[in-house]
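This report concerns only the one structure given below.
FYI, it's all coordinate maths here, none of it is from the lab. What you are looking at is a predicted structure, and each value in this text was computed from that prediction instead of being measured. All Cβ positions, glycine included, derive from the backbone under ideal geometry; neighbour counts span all protein chains shown.
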Amino acid sequence: MSQCNLLAQVSNCVICEADLPLGARPVIQFNPSARILIAGQAPGLKVHQTGIPFNDASGQRLRQWLGLSKDDFYDATKIAILPMGFCYPGKGKSGDLPPRKECVPAWRAQLLAALPNIKLTIVLGKYAQAYHLPHTKHLALTELVKSWREYWPTTLPLPHPSPRNNIWLANNPWFERDVVPQLAQAVQSILKSQGG
């Protein structure tokens, strides 16, 4: 299947529409030329409404961590964004519901296989962690992020950039002091080698 056909099929996916409170609206960013993959959780309400990935406070912080402008972040030839669930799952008791489980078996392997140029995978949140770093499922977030050098330079587990993690960030100043500069430097190096 061509990349264009694959993207069109994902964009029109309705496998779990009956279980989505606002209906299906898959939100991904995909181009086979991308060098960096952001593996996230699922779109929030604002992302669902606009159809633009990370078009919220989480995205603003993530772009700061990556050292990227909006133009570079939203350049699909540079950055691929594949959440574990492609559609907004709805609200739960504390925050959004988990990503829908249908996306992974239906699409993830095909999409990842169509991204042959990825040099760095950024893993955000426990659902992405369970898929991309399955041997670390038993680790708490802090322990996992503290062990980031074990997966570097091809993979980097991060706390979710959501404002809900402000307390974690305040309690772990080493993260923004030690990890974020390494991440931003690597991102610039990868994109510069691409000619971007």
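Worth a mention:
- Cβ-defined net charge surrounding VAL179, 10 Å radius [Lys, Arg +1; Asp, Glu -1]: +1
- Whole-Hz couplings from phi, Karplus 6.51/-1.76/1.60, listed for region 49-63; x for Gly and Pro: 5, 9, x, 10, x, 6, 8, 7, 4, 4, x, 4, 5, 4, 4
- Computed 3J(HN,Hα) for region 97-113, one whole-Hz value per residue from the Karplus formula 6.51 cos²θ - 1.76 cosθ + 1.60 where θ = phi - 60°, is 5, x, x, 4, 7, 6, 5, 4, x, 6, 10, 4, 4, 4, 5, 5, 5, glycine and proline marked x.
- The chain: most fluctuating residue of ALA34, ALA24, ALA113 per GNM, C-alpha cutoff 10 Å: ALA113
- Residue exposure sequence - ASP19, ASP56 - by fewest surrounding Cβ within 10 Å: ASP19, ASP56
- ILE81 long-range amide H proximity, modeled H, under 5 Å: GLN29, PHE30, ILE38
- Model label zone, ALA184; criterion: amide N under 13 Å from point 7 Å along Cα-to-beta-carbon; scope region 67-100: 67-69
- Taking 0.36 nm per residue of separation and subtracting the Cα-Cα distance, full extension of the segment from TYR151 to ALA8 would add 48.2 nm.
- Translational diffusion of the chain, estimated by Stokes-Einstein from the Kirkwood radius over alpha carbon pairs at 25 °C in a medium of 0.890 mPa s, is 144 µm² per second.
- For LEU97, the shell of other residues with beta-carbons less than 12 Å away shows a net charge of +2, using +1 for Lys and Arg and -1 for Asp and Glu.
- For LEU68, residues with placed amide H under 5 Å, excluding near neighbours: none
- The chain - share of DSSP beta bridges that are antiparallel (%, nearest 5): 15 percent
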